[in-house]
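Worksheet: the structure to be examined is printed underneath.
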Amino acid sequence: MLGQIRSTNVVFHDIARFRAQVFDRLIAPHGLTMSQAWVLAHLFVEDELTQSEIAKRMEISTVTLGGFVDRLEARGLVERRVDPEDRRAKRVCLKEAAWPLGRIMKRCGDQVNDASFAGMPAEVVEQTMANLITVRENLLATLQKDKSDRGDSGLAPAGRKRKRGNIGTA
């Protein structure tokens, strides 16, 4: 059983790494890195997040995020605004120029999925995704239980709930 678990871990890790590499190659000609695209993706779902909210969601430091936002801001894709409720905080806001990239990111994501599931019948892809969602839910429940046992408040960071919808729908 231990050998199977180790190989499962390797497979999950390889899939995540390979998908990231393919996406990075597809998005690079559009002047973005995968990390910069990930920042934009968070903003397409919920605009006007603070830098610390984005960093927490991406599980990176605020300093690292600041570099990504600097480069996105220099390209005119986002802008920082002072939070009206906390003048020390900066909210990162999408600019109009980002929207075409959102559609490109969606197409790149679709291409990654097409490559990932090539040769698999639709029913198998649907079942695979259903199983992976269950795995994700199981892991999330474990993490939430662990946080609850330690007295933490939970995983989801609080944020302004200005939903924008899915990437590429605007």
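Bear in mind these aren't lab numbers, they're just calculated from the coordinates by the rules spelled out. The model shown is predicted, which means the values in this text are computed figures rather than measured ones. Every residue, glycine among them, receives a Cβ derived from its backbone with ideal geometry; neighbour counts consider all protein chains shown.
Run Glu46 past the list (1) free of Cβ contacts under 8 Å to residues at least 24 places away in the same chain; (2) touching an Asp or Glu at 6+ places or on another chain (Cβ under 9 Å); (3) closer than 20 Å to Lys106 by Cβ; (4) acidic (Asp, Glu) and report the number of the one that doesn't hold.
For Glu46, the failing item is (1).
Give the residues of the range 32-51 that are over 22 Å from Ala115 (Cα atoms) and in a loop (DSSP other than H, G, I, E, B), sorted by residue number.
Within the range 32-51, Asp47, Glu48 meet the criteria.
Mind counting the residues in the range 114-132 that are free of Cβ contacts under 8 Å to residues at least 12 places away in the same chain and either under 19 Å from Asn9 (Cβ atoms) or surrounded by 11 or more Cβ atoms within 10 Å (Cβ to Cβ) (or both)?
10
Would you say Ala20 is part of a helix (DSSP H, G or I), within 14 Å of the chain's Cα centre (by Cα) and touching a residue at least 60 places away in the same chain (Cβ under 8 Å)?
Taking the combined requirement at face value, the residue does not satisfy it.
I'm checking my understanding of the structure. Among residues of the range 49-87 that are under 16 Å from Ser35 (Cα atoms), of a type in the set (S, T, N, Q) and in contact (Cβ under 8 Å) with a residue 24 or more places away in the chain, which one is surrounded by the most Cβ atoms within 10 Å (Cβ to Cβ)?
Applying the filter and picking the extreme gives Gln51.
Inspect the range 3-17 for any residue being within 20 Å of Arg136 (Cβ to Cβ) and either surrounded by 13 or more Cβ atoms within 10 Å (Cβ to Cβ) or of a type in the set (Ser, Thr, Tyr) (or both) and give the result as yes or no.
There is at least one residue in the range 3-17 that is within 20 Å of Arg136 (Cβ to Cβ) and either surrounded by 13 or more Cβ atoms within 10 Å (Cβ to Cβ) or of a type in the set (Ser, Thr, Tyr) (or both).
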